[in-house]
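Enquirer: Dropping the structure in here first, questions after.
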Amino acid sequence: MKQILFVIFVVLAIQVKAQEELSLFDCHQKAVANHPLGLQKTELEQINKLNLDVITSSFLPQFKLNGQATYQSDVVSIDLDIPGVNLDIPSPSKDQYKMTVEVNQMIYDGGLTKNRRNLEKSTYNADVQQVEVDLYGLKEQVNNVFFQLFILKENLALIKVTRQDLEQKLTTVKSGVENGVLLESDQMKLEAELLKLEQSIEELEISVSASRNILSILMGEEIGDKILSLPENIEVSETDLNRPEYLLFNLQKEKLSSAEKLKASEKMPKVYGFGQFGYGKPGLNMLSDQFDTYYLVGLSLSWNIWDWQKVNKERQVFKIQENIVDTKQSVFDYNININKEKTNGEILKLEKAIIKDNQLIELQNKILTSVSSQLDNGVITSTDYIAQLNAVTHAKISMKTHEIQLVQAKINLKTIQGNL
């Protein structure tokens with residue numbers, strides 16, 4: 001029975017721990033899901049659907065209702081006087097009325113509608129990818145806040161440990177002062193240093209709280225007492241770049257290519273079918289003085305055979321804009337390579353610094369042990385002890401900061417590569 005209870009307790013403890021932990025990648029997911037830009041993708045999709053429907057409607061029959069009533073000062077009259085022939089040719093009325101329904105049907109548009117659809121799709125894909133690029137940049141912001149918070153928390157923990165050590169030493173010094181072995185000034189110096197530590201702890205707690213609040217805003221939820229989980233076993237290597245910007249550059253060039261094809265199709269001939277159904281006075285018989293119905297149907301051709309090179313010049317503009325996109329990509333590659341080399345150098349520097357940090361902490365701890373014993377025996381003053389205690393604390397803070405910065409540098413490199 002005890003074994004069963006122990007297993008249950010362990011399982012529950014693991015579940016609670018899992019619930020309380022918050023990894024960097026959890027922060028990424030929550031920040032991306034919470035950012036207002038995520039909603040923009042849905043809006044872009046709605047706009048794309050509506051625009052495609054509008055473009056498709058250009059190949060549907062177009063109906064137009066027209067009405068007109070006029071009165072004119074004169075009309076056509078035919079007055080012929082031929083001997084032996086009785087001609088009575090009526091004249092139309094001066095008041096005329098017309099109501100028509102016109103129907104136009106696109107038969108051939110030279111690929112205009114097709115290219116408009118392709119341009120709309122290319123525009124939509126480029127806009128959505130731009131949102132992805134902006135959201136990827138959000139990960140860098142989360143990285144900075146996450147690791148800053150982690151460093152602050154670790155520094156706070158180390159200083160609290162130093163405070164405990166100093167409080168224990170203060171108890172020993174007080175006993176030495178009471179026994180006349182140590183001077184009261186040694187006690188006062190330790191108490192003053194303790195106040196400085198309290199001040200540092202308060203400042204760090206405020207900074208931790210502020211960083212927590214910023215991360216909570218980015219994620220859209222309160223972090224509370226969740227434990228930050230530092231990424232482990234991060235492997236970095238020279239891999240192909242997988243940044244979302246590269247897809248954006250390609251989609252932007254596709255958009256410009258689609259726009260160029262659309263311009264080319266504007267020069268192609270257009271064929272329409274049309275019909276007109278009307279009722280009026282007169283109808284098609286202009287000499288009639290009666291209301292009548294009528295209709296006419298036919299085909300029409302429209303072809304702009306000379307535009308003073310307008311379309312060709314507009315196509316040249318799109319070609320130049322494609323070259324500009326290529327230039328932007330080259331600049332992006334340039335900056336990416338610089339950032340990669342800079343980050344690789346930072347990783348190497350931190351790895352070597354951590355080796356020295358370990359050696360320094362080991363040495364400083366040995367010195368502190370010796371100095372602590374000397375203070376207890378009244379050989380040195382508390383000033384010497386405080387200086388050595390601070391040296392140990394600073395060495396530990398330095399190593400912990402370097403360890404966290406090393407993880408951050410590796411994450412930054414993966415972010416630069418687009419493999420995060």
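The values are calculated or read from the model by the stated rules, or taken from the named source; none is laboratory data. Since we're looking at a predicted model, the values are computed, not measured. Cβ placement follows ideal geometry from the backbone for every residue including glycine, while neighbour counts extend to all protein chains displayed. For accessibility, only protein heavy atoms count, side chains too; no ligands or nucleic acids. Shrake-Rupley method; radii C 1.70, N 1.55, O 1.52, S 1.80 Å.
Enquirer: Which value, in Å² and to the nearest 10, is the accessible area of LEU420 when all protein chains are kept and the probe is 1.4 Å?
Expert: Probe radius 1.4 Å; accessible area of LEU420 about 40 Å².
Enquirer: Which whole-Hz couplings ³J(HN,Hα) result when phi for each residue of segment 101-114 is put into the Karplus expression 6.51 cos²θ - 1.76 cosθ + 1.60, θ = phi - 60°, listed in order with x for Gly and Pro?
Expert: Values, residue by residue: 10, 9, 10, 10, 10, 5, 9, 8, 10, x, x, 5, 5, 4 Hz.
Enquirer: Can you give the relative contact order of the chain as a percent, counting alpha carbon pairs under 8 Å and 6+ residues apart?
Expert: For the chain, the relative contact order is 23 percent.
Enquirer: Do me a favour and compute the ellipsoid semi-axes for the chain from its Cα gyration tensor, root of five times each eigenvalue, largest one first, whole Å.
Expert: 88, 25, 19
Enquirer: At q = 0.10, 0.13, 0.14, 0.15 Å⁻¹, what is the base-10 log of I(q)/I(0) for segment 305-420 according to the Debye formula with one equal point scatterer per Cα and no solvent? Please give it to two decimals.
Expert: Evaluating at q = 0.10, 0.13, 0.14, 0.15 Å⁻¹ gives log10 I(q)/I(0) of -0.58, -0.73, -0.77, -0.81.
Enquirer: If you don't mind, there's one more thing I want to ask. Can you give the longest run of the chain that contains no GluC sites (Glu not before Pro) sitting in a DSSP loop with at most 14 other Cβ atoms inside 10 Å?
Expert: In the chain, the maximal stretch lacking such sites is 1-220.
Enquirer: Let me ask another. Can you give the angle from 0 to 90° between the axis of helix 2-20 and the longest principal axis of the chain, with both taken from C-alpha atoms, to the nearest 10?
Expert: Relative to the chain, helix 2-20 is tipped by roughly 60 degrees.
Enquirer: If you average the C-alpha positions of segment 130-147 and of segment 153-198 separately, how far apart do those two centres end up, in angstrom?
Expert: For segment 130-147 versus segment 153-198, the Cα centre distance is 44 Å.
Enquirer: Now a separate question. Determine the calculated [θ] at 222 nm for the chain from helices alone, applying -39500 (n - 2.57) to every DSSP H run no shorter than 4 residues and normalising by the residue count; nearest 500 deg cm²/dmol.
Expert: The helix-only estimate for the chain comes to -24000 deg cm²/dmol at 222 nm.
Enquirer: Given the Cα atoms of segment 263-311, and with Rh set as the inverse mean 1/r over their pairs in the Kirkwood sense, what is Rg to Rh to two decimals?
Expert: Here Rg/Rh amounts to 1.31.
Enquirer: Quick check: the angle from helix 382-417's long axis to the longest principal axis of the chain, C-alpha only, nearest 10 degrees?
Expert: Taking the Cα atoms of the chain, the angle to 382-417 is about 30 degrees.
Enquirer: Give me D for segment 89-210 in µm² s⁻¹, whole number, from Stokes-Einstein with Rh from the Kirkwood sum over alpha-carbon pairs, 25 °C and 0.890 mPa s.
Expert: My calculation gives 107 µm²/s for D.
Enquirer: Per residue of segment 183-194, in order, report the coupling 6.51 cos²θ - 1.76 cosθ + 1.60 (Karplus, θ = phi - 60°) as ³J(HN,Hα) in whole Hz, putting x for Gly and Pro.
Expert: Using θ = phi - 60°, the values come out as 7, 5, 4, 4, 5, 5, 5, 5, 5, 5, 5, 5 Hz.
Enquirer: Suppose we take every Cα in segment 277-344 and form the convex hull; what volume per residue is that in Å³? Provide the component values of the computation, followed by the final result.
Expert: On the way: hull volume 12.5 nm³, N = 68.
Per-residue hull volume (Cα only) is 184 Å³.
Enquirer: Which log10 I(q)/I(0) values, to two decimals, does segment 238-328 give at q = 0.13, 0.22, 0.23 Å⁻¹ under the Debye formula with one point per Cα?
Expert: For segment 238-328 at q = 0.13, 0.22, 0.23 Å⁻¹, log10 I(q)/I(0) is -0.68, -1.04, -1.08.
Enquirer: Under 18 Å from the Cα of LYS261, which aspartates and glutamates turn up, not counting those fewer than eight places away in the same chain?
Expert: ASP109, GLU120, ASP307, GLU314, GLU322
Enquirer: Let me ask something additional. Roughly what would the spin-label model give for LEU301 and SER58, points 7 Å off Cα along C-beta, in nm?
Expert: It works out to 2.2 nm between the two label points.
Enquirer: Amide H neighbours of SER23 under 5 Å, counting only residues 5+ apart in sequence or on other chains, H built in-plane at 1.01 Å?
Expert: Here SER229 satisfy the definition.
Enquirer: Hey, another quick one. May I ask which residue of VAL236, SER207, LEU251 lies farthest towards the positive end of the charge dipole of segment 202-281, with charges of +1 (Lys, Arg) and -1 (Asp, Glu) on Cβ and the Cα centre as origin?
Expert: Sorting the options by dipole projection puts first LEU251.
Enquirer: Between helix 310-376 and the chain, what is the angle of the helix's C-alpha long axis to the longest principal axis, kept within 0 to 90° and rounded to the nearest 10?
Expert: Helix 310-376 and the main axis of the chain meet at about 10 degrees.
Enquirer: If you don't mind, another one. Test of understanding: in a Gaussian network model of the chain with alpha carbons linked when under 10 Å, which of GLN129, GLN46, GLN96 would top the mean-square fluctuation ranking?
Expert: Sorting by GNM fluctuation, first place goes to GLN96.
Enquirer: Would you list, by chain and number, the aspartates and glutamates whose Cα falls below 18 Å from the Cα of LYS94, excluding same-chain residues fewer than 8 positions away?
Expert: In chain and number order, the partners are ASP74, ASP79, ASP289, ASP292.
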